[in-house]
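Everything on this sheet refers to the single structure shown next.
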Amino acid sequence: MQSSSSLFTTSQLCFQLFLSFIKISPTTFGGGYAILPVIHREITDRRGWITPNEMHEITAIAGATPGGVAINIAALVGYRMAGIRGLLASVTAISLPTVMIMLVLSILAAIYQHSPFLEAAMLGIQPAIIALIAYAAIRMHKDVLRSRAAWITFGGSCILLLWTALNPVIVIACGMVAGCLVHYFQWKHAVNRTVRKNGK
């Protein structure tokens, strides 16, 4: 049974998770991938809860599973930090403001749907969202694309996504297989080198 101090610490952490993700939530314009720089800055740089490598792994898992990327990341980070309670606090925090904002925007869009200012604002938001996604990709590539095998997997995935009709799930599965194969051959090479070294 958890002690009262342990429960108090967990409650504090859940509250901090709630505050962080409720602050992040209003910046989720354009979808989950656009929010990645904001999440990285808050969770990794400012709070120091997750290391950059762990954050990249969480991002990869979140992108490879069904559902919104932002919600998936919030769930994984919350569970990593405070178990089920942390997961619930993080998911609630990142979902609640977005739902409220979407309700207000939907009402305004229905009222002012023919306004030239609204159309101009939407046209201005779209390039900014592309820039956010590009920034997240550039930030991740410094830690992820560190080997020839990683670059080959990245290039092959881009080719499959851009010039074939393959489902993205299949592309993700191909990346998983490629990663396992690279790890296997690296492990086999290390074992053979150790055997040759011990045999001398």
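Data table
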| item | result |
| --- | --- |
| Rounded FRET efficiency, nearest 0.05, which uses the C-beta distance separating L108 from R146 and R0 of 30 Å | 0.10 |
| Residue among A128, A64, A190 with the largest mean-square fluctuation in a Gaussian network model of the chain, springs linking Cα atoms under 10 Å | A190 |
| For the range 19-103, fraction of C-alpha pairs farther apart than 23 Å, in % | 9 percent |
| Unit charges on C-beta of K, R, D, E only; dipole of the chain, Debye | 1100 debye |
| Accessible area per residue in Å² at 1.4 Å probe, computed on the chain | 66 Å² |
| Crossing angle, helix 148-163 versus the chain [Cα axis fit, 0-90 degrees, rounded to tens] | 50 degrees |
| Residue among R148, R47, R85 with the largest mean-square fluctuation in a Gaussian network model of the chain, springs linking Cα atoms under 10 Å | R148 |
| Theoretical gain in end-to-end length, I172 to A121 [0.36 nm per residue, Cα-Cα removed] | 14.9 nm |
| Taking only Cα atoms of the range 61-185, radius of gyration then Dmax in Å | 19.2, 60 |
| Highest-fluctuation residue, I152, I138, I111 considered, GNM on the chain with Cα pairs under 10 Å | I111 |
| Portion, in percent, of the accessible area of the chain that falls on carbon or sulfur, probe 1.4 Å | 71 percent |
| Net charge over other residues, Cβ less than 15 angstrom from the Cβ of Q16 (K, R count +1; D, E count -1) | +4 |
| Gained length - V99 relative to V182, 0.36 nm times residue gap less alpha-carbon distance | 25.7 nm |
| By accessible area with a 1.4 Å probe, ligands and nucleic acids excluded, highest first: order of R196, R146, R41 | R146, R196, R41 |
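The values are calculated or read from the model by the stated rules, or taken from the named source; none is laboratory data. This one's a predicted model, so the numbers in the text were calculated from it and none came from an experiment. Positions of Cβ are generated from backbone atoms using ideal geometry, with glycine treated the same way; all protein chains shown enter the neighbour counts. Surface areas here come from the heavy atoms of the whole protein model, side chains and all, with no ligands, DNA or RNA. Shrake-Rupley method; radii C 1.70, N 1.55, O 1.52, S 1.80 Å.
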